[in-house]
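The structure appears right after this line, and notes come after that.
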Amino acid sequence: MMRNDWSEHGFLLCRDLIPADRIERLLVEYRATVLNADDVLARQPRFRRESGDSRHPHAYDAPNRLTEFGYLAEGLKNPHVLENYPGFSGLALSILCSREVQDRLADLNPDYAEYCLHQSMFFDFNPGTEPHQDSYYIDSEPRGAMIGFWLALEDIHVDAGRFYVVADSHVEGPGVELFNADNAAYLNALERTMGGLEAKRFVPDLAAGDALIWHGDVIHGALPNVDPSRSRKSLTGHYIPTKLLGRNRFRVYGNTVERTCLGMRYVVTNRPEVEPNRPVAIRRNTVEVAGESVEFLAVRTVGGEQAAFSLPLGVRLEDALGSVT
Ligand SMILES: O=C(O)CCC(=O)C(=O)O
């Protein structure tokens with residue numbers, strides 16, 4: 001089977017996409033700040049069947065919990081808009097919105113030259129991720145144009161819980177009819193489907209800087225971690241063509257608040273109607289990243305989830321970070 005054929009198999013393996021020095025900068029900043037954070041951060045819910053939640057939780061807030069080996073036990077939701085960690089968010093954004101990512105996305109479908117980053121995740125450690133399709137949780141409106149992106153931030157050890165995609169499952173997997181099922185029923189159905197698709201599970205050996213890109217309907221997940229001394233550092237983005245709106249199973253995101261980084265749109269929040277997007281505090285931050293002084297503007301808006309981040313007016317991220325192309 002050709003492993004790299006986007007149109008046929010629904011995913012793309014990109015070796016050496018992001019240079020090591022940019023990943024190292026992000027991890028240096030992560031270890032210096034976020035890993036030791038004592039505030040409450042937005043977490044990415046695991047795709048758990050036992051949650052019994054018919055409305056899959058959007059996110060939850062929790063203080064850092066470290067594993068016995070000192071890794072962050074729970075993944076971060078939307079690391080690109082952490083108001084208290086603008087250096088980390090800026091570096092994550094500079095990767096997620098990089099020219100390298102933009103170019104790969106633009107090549108996928110002639111109808112969509114430009115994409116917007118709608119959601120992101122950062123993992124230091126991962127106990128395993130149940131097989132799922134992103135389009136159950138986040139998709140474009142009309143459906144079918146959402147793209148997932150997973151970047152290895154270190155060489156992922158075979159025992160660390162490698163990420164996988166199931167080739168062709170965007171065509172052979174369950175369709176949207178299953179999307180009426182609640183989260184637990186959906187994940188159970190997916191597991192049954194996986195039985196028939198096992199032979200098509202592709203578990204690449206990813207080194208730092210390698211990435212996988214997949215169609216939103218492609219089934220994917222991560223194998224269980226079998227050696228807790230192994231971290232599994234990764235950065236994920238979910239992108240939707242700028243021409244289209246985003247949506248979840250319940251509603252269309254008709255009113256997202258967006259900003260631009262390196263020429264790419266990114267969503268600050270898709271819930272402005274819940275908490276109005278009114279800045280209540282603006283702070284200028286200067287952080288040292290790998291010996292360089294990087295200046296950012298942190299914007300807090302009404303309500304915790306409205307946390308926003310942006311560069312000071314007139315300062316381009318390239319200028320702040322040095323060349324990132
Ligand atoms: O990194 C993981 O294990 C989960 C990520 C994922 O499922 C996603 O990006 O959609």
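Taking a straight line from the alpha carbon of Lys243, these lysines sit under 27 Å away, with near neighbours fewer than eight places off in the same chain left out: Lys77. If you model segment 72-135 as an ellipsoid using its alpha carbon gyration tensor, with each semi-axis the square root of five times an eigenvalue, the axes come out at 24, 18, 9 Å, biggest first. With a simple spin-label model that places each label point 7 Å from the Cα along the Cα-to-Cβ direction, the separation between His157 and Val171 comes to 3.9 nm. Applying 0.36 nm per residue to the separation of Arg192 and Leu178 and subtracting their alpha-carbon distance, the gain on full extension is 3.8 nm.
When a 1.4 Å probe is rolled over the protein heavy atoms, the share of accessible surface on segment 103-227 that falls to carbon and sulfur comes to 50 percent.
Cβ-Cβ distance of Arg251 and Asp61, R₀ of 30 Å, FRET efficiency by 1/(1 + (r/R0)^6): the value works out to about 0.90.
Modelled spin labels at Arg31 and Glu68, positioned 7 Å past Cα toward Cβ, are 2.3 nm from each other.
Here the simple spin-label model places points 7 Å from the Cα toward Cβ, and for Asp205 and Asp16 these points are separated by 1.7 nm.
Kirkwood hydrodynamic radius of segment 18-162, from the reciprocal of the average inverse Cα-Cα distance over all distinct pairs: 16.7 Å.
If you take the square roots of the eigenvalues of the alpha-carbon gyration tensor of segment 151-278 and sort them as a ≥ b ≥ c, do you get rounded (a/c under 1.5), prolate (a/b over b/c) or oblate? Taking the square roots of the gyration eigenvalues as a ≥ b ≥ c, segment 151-278 is oblate.
Working note: Karplus 6.51/-1.76/1.60 with θ = phi - 60° gives segment 186-203 the couplings 4, 5, 5, 5, 4, 5, 5, 4, 4, x, x, 10, 3, 5, 9, 6, 10, 10 Hz, where Gly and Pro are set to x. Summary of the geometry: segment 99-132 and segment 179-207, compared by the centres of their Cα atoms, lie 19 Å apart. As a calculated quantity, the FRET efficiency between Ala113 and Arg143 at R0 = 25 Å, using C-beta atoms, amounts to about 0.80.
The values are calculated or read from the model by the stated rules, or taken from the named source; none is laboratory data. Just so we're clear, the structure is a prediction, and the values are computed from it rather than from any experiment. Counting neighbours? That spans all protein chains shown, and the Cβs are built from the backbone with ideal geometry, glycine included. To get the accessible areas, we keep the full protein, side chains included, count just its heavy atoms, and leave off ligands, DNA and RNA. Shrake-Rupley method; radii C 1.70, N 1.55, O 1.52, S 1.80 Å.
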